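Read through the structure below, which is laid out as structure tokens, and then see the notes.
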Amino acid sequence: MSTIFDTLTEGIGVITWACTLTALVPGLALVFVARQARLTVALYYTAGAAFLAWAQAAGHWWVSARGAAVVIAGFVAAGTYAAAWRAPGHSSPLATGAGLVGGALAGWLWRPCVGELLGDILNDASTAGPRTLGLMLIYMVGVLLPLLLVAVAPYAVPAIGRVLDRLPFAIAGATVGAAYAVALAIGKYDDLTGEMYRISAGY
Amino acid sequence: MGHTLRGEMKLSLGRRVAAGVLLVGVALIVWTAVDEPDDSPGVTEAVDAQTVTPQAAPSEASPTTAAVEAATMETATTTTAAPVPTTTEAPEPIPVLGTAFTLSKLDGWLNTEATSLEEIRADNEITVVQFWTFGCRNCKKTLDALAELHADFRDRGVEVVGVHSPEFGYEANVDNIIEAAAELGVVWPIALDTTKYNFHVWQEGPTGYWPRVYVIDSDNQIRFDRRGDGAHTYRELYATVERLLAQENT
């Protein structure tokens with residue numbers, strides 16, 4: 001129980017770190033875009049990101065996020081935002097697909113700065129599959145907690161939902177999503193995130 | 001009427017659950033933000049901590065971990081004044097995890113006159129290779145432990161090599177690396193892996209991680225390979241180096 005809680009809080013503890021923002025920001029944008037299916041998108045995004053991050057460490061996924069694969073990823077990312085925008089409701093396959101594929105993309109591109117418990121998960125991923133997959137999911141819930149809270153908030157406070165339903169929020173999400181997709185497609189994703197981090201770190 | 005009431009109650013329950021999730025989530029974020037523990041004790045401090053808790057539960061991790069922990073316990077007992085029952089159980093051998101790669105296509109070296117990993121290996125029994133980058137917070141958390149290891153073993157045939165593989169563009173700037181290394185107290189050799197060529201060659205698979213640390217013995221075999229900044233990882237590293245050194249000298 002303590003391991004689960006510690007794993008969750010280690011994930012929460014790195015929310016503002018640059019290595020985490022590369023997974024969190026595209027997810028938040030996707031949730032803003034998916035006005036009719038925020039929770040579905042958020043949940044599947046988290047699951048997709050956790051699965052791909054784990055699969056890479058466990059040796060079940062061998063496609064490197066380099067070269068032509070990243071260009072293709074840019075187009076796939078654009079597709080997830082389009083699907084999320086068009087998703088008519090929670091049960092829509094568009095919502096499920098956008099969340100799952102968007103999350104998997106984030107998990108694939110994620111280059112984590114590895115802390116103590118994430119290190120243990122990654123070190124043991126190939127030998128303790130189900131346990132480490134579960135812990136990775138918990139870690140990812142921590143990392144992506146802001147995104148999940150944005151998705152849950154309208155259920156707790158309907159007024160928040162009415163605000164988030166406004167078009168400017170969806171357009172802001174779509175703009176971030178477009179920048180993310182274009183940066184990937186032209187191979188400038190690392191430069192973009194690096195520049196943001198450089199500015200915030202004061203170098 | 002009854003149907004509406006049931007619907008409202010359901011809605012109310014759902015709303016309460018959502019509100020609970022929201023409150024707990026926000027509370028966890030706030031709590032984590034104000035209560036960030038410093039979990040990077042120096043190696044000696046960590047070994048001392050084990051001395052007073054010799055009954056620590058055995059790890060269920062890899063054989064390497066178990067063997068190293070056994071060695072750490074052995075080390076700890078030598079510093080304890082109270083008599084400790086001796087054990088006849090020999091520690092498990094440190095496994096060979098494969099042959100180490102070389103470092104190639106580098107942009108140069110800092111803090112050393114050596115120009116290759118082979119030169120450093122030729123002058124030492126054991127080489128500790130860590131992939132890091134100065135902007136990575138988890139890497140920074142390991143530097144105290146590495147500094148201690150470097151200070152304790154540099155005259156005994158152990159060298160630490162920090163392979164600096166930048167994650168972001170500004171971390172590739174050599175002036176920034178020199179400035180950061182001085183600021184962070186990194187006095188051991190730094191290999192400039194600006195293109196991350198070695199980062200990807202050494203870390204097989206689709207992705208690489210910061211930090212990741214290896215121990216290479218005199219036969220160029222990898223004897224330790226761990227990801228992450230865990231204090232226990234660096235305790236294991238220290239103990240592994242100590243054990244390997246003892247083996248090399250017998």
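Yes or no: region A:70-82 includes at least one residue that is buried (at least 20 other Cβ atoms within 10 Å of the Cβ) and farther than 11 Å from A:LEU184 by Cβ.
There is at least one residue in region A:70-82 that is buried (at least 20 other Cβ atoms within 10 Å of the Cβ) and farther than 11 Å from A:LEU184 by Cβ.
Taking the stated definitions as given, is A:ARG166 modelled with pLDDT of 80 or more and of a type in the set (Lys, Arg)? If you could, list the steps in order and put the result at the bottom.
Working: modelled with pLDDT of 80 or more: yes; of a type in the set (Lys, Arg): yes.
Considered against the rule, which asks whether it is modelled with pLDDT of 80 or more and of a type in the set (Lys, Arg), A:ARG166 comes out as yes.
Could you pull out the residue among B:ASP144, B:ASP175, B:ASP155 that is over 18 Å from B:LEU244 (Cβ atoms), part of a helix (DSSP H, G or I) and free of Cβ contacts under 8 Å to residues at least 12 places away in the same chain? Please lay out each step first, then the result.
Details: B:ASP144 fails: free of Cβ contacts under 8 Å to residues at least 12 places away in the same chain; B:ASP155 fails: over 18 Å from B:LEU244 (Cβ atoms).
Matching residue, one of B:ASP144, B:ASP175, B:ASP155: B:ASP175.
Out of the residues in region A:118-148 that are within 13 Å of another protein chain (Cβ to nearest Cβ) and surrounded by fewer than 15 Cβ atoms within 10 Å (Cβ to Cβ), state the one that is farthest from A:LEU100 (Cα to Cα).
Top of the filtered list is A:THR127.
Tell me yes or no: at least one residue of region A:160-169 is touching a residue at least 60 places away in the same chain (Cβ under 8 Å) and buried (at least 23 other Cβ atoms within 10 Å of the Cβ). I'd like the intermediate steps shown before the answer.
Just the residues of region A:160-169 that are touching a residue at least 60 places away in the same chain (Cβ under 8 Å), to begin with: A:164-165, A:169.
Still in the list and also buried (at least 23 other Cβ atoms within 10 Å of the Cβ): none.
Scanning region A:160-169 turns up no residue that is touching a residue at least 60 places away in the same chain (Cβ under 8 Å) and buried (at least 23 other Cβ atoms within 10 Å of the Cβ).
Given the conditions (1) more than 14 Å from chain B (Cβ to nearest Cβ); (2) farther than 30 Å from B:ALA172 by Cα; (3) within 14 Å of the chain's Cα centre (by Cα), which single one is not true for A:ALA151?
Only one criterion in (1) more than 14 Å from chain B (Cβ to nearest Cβ); (2) farther than 30 Å from B:ALA172 by Cα; (3) within 14 Å of the chain's Cα centre (by Cα) is unmet by A:ALA151, namely (1).
Step by step: first the residues of region B:158-185, then only those that are surrounded by fewer than 20 Cβ atoms within 10 Å (Cβ to Cβ) and touching a Leu at 6+ places or on another chain (Cβ under 8 Å), then the one that is farthest from the other protein chains (Cβ to nearest Cβ). Which residue is that? Please lay out each step first, then the result.
Step one: list which residues in region B:158-185 are surrounded by fewer than 20 Cβ atoms within 10 Å (Cβ to Cβ), which gives B:169-170, B:173-176, B:178-185.
Remaining after also requiring touching a Leu at 6+ places or on another chain (Cβ under 8 Å): B:174, B:178, B:181, B:184-185.
Numbers: B:VAL174: 13, B:ILE178: 13, B:ALA181: 14, B:LEU184: 14, B:GLY185: 18 Å.
In this case the residue turns out to be B:GLY185.
So in region B:195-250, with the set limited to residues that are outside any loop (DSSP other than H, G, I, E, B), within 22 Å of B:GLY157 (Cα to Cα) and among the polar types (S, T, N, Q), which one is farthest from the other protein chains (Cβ to nearest Cβ)?
First, the residues of region B:195-250 that are outside any loop (DSSP other than H, G, I, E, B): B:197-202, B:210, B:212-216, B:221-227, B:231-248.
Filter again for within 22 Å of B:GLY157 (Cα to Cα), leaving B:212-216, B:221-226, B:233-248.
When the remaining residues are screened for being among the polar types (S, T, N, Q), the result is B:221, B:233, B:240, B:247.
Numbers: B:GLN221: 19, B:THR233: 6, B:THR240: 14, B:GLN247: 23 Å.
Residue satisfying both the conditions and the ranking: B:GLN247.
Go through the residues of region B:137-152 one by one and say whether even a single one is more than 19 Å from the chain's Cα centre (by Cα) and either within 14 Å of another protein chain (Cβ to nearest Cβ) or surrounded by fewer than 23 Cβ atoms within 10 Å (Cβ to Cβ) (or both).
No: zero hits.
The values are calculated or read from the model by the stated rules, or taken from the named source; none is laboratory data. Just so we're clear, the structure is a prediction, and the values are computed from it rather than from any experiment. No Cβ is skipped: glycine too gets one built from the backbone with ideal geometry, and neighbour counts run over all protein chains shown.
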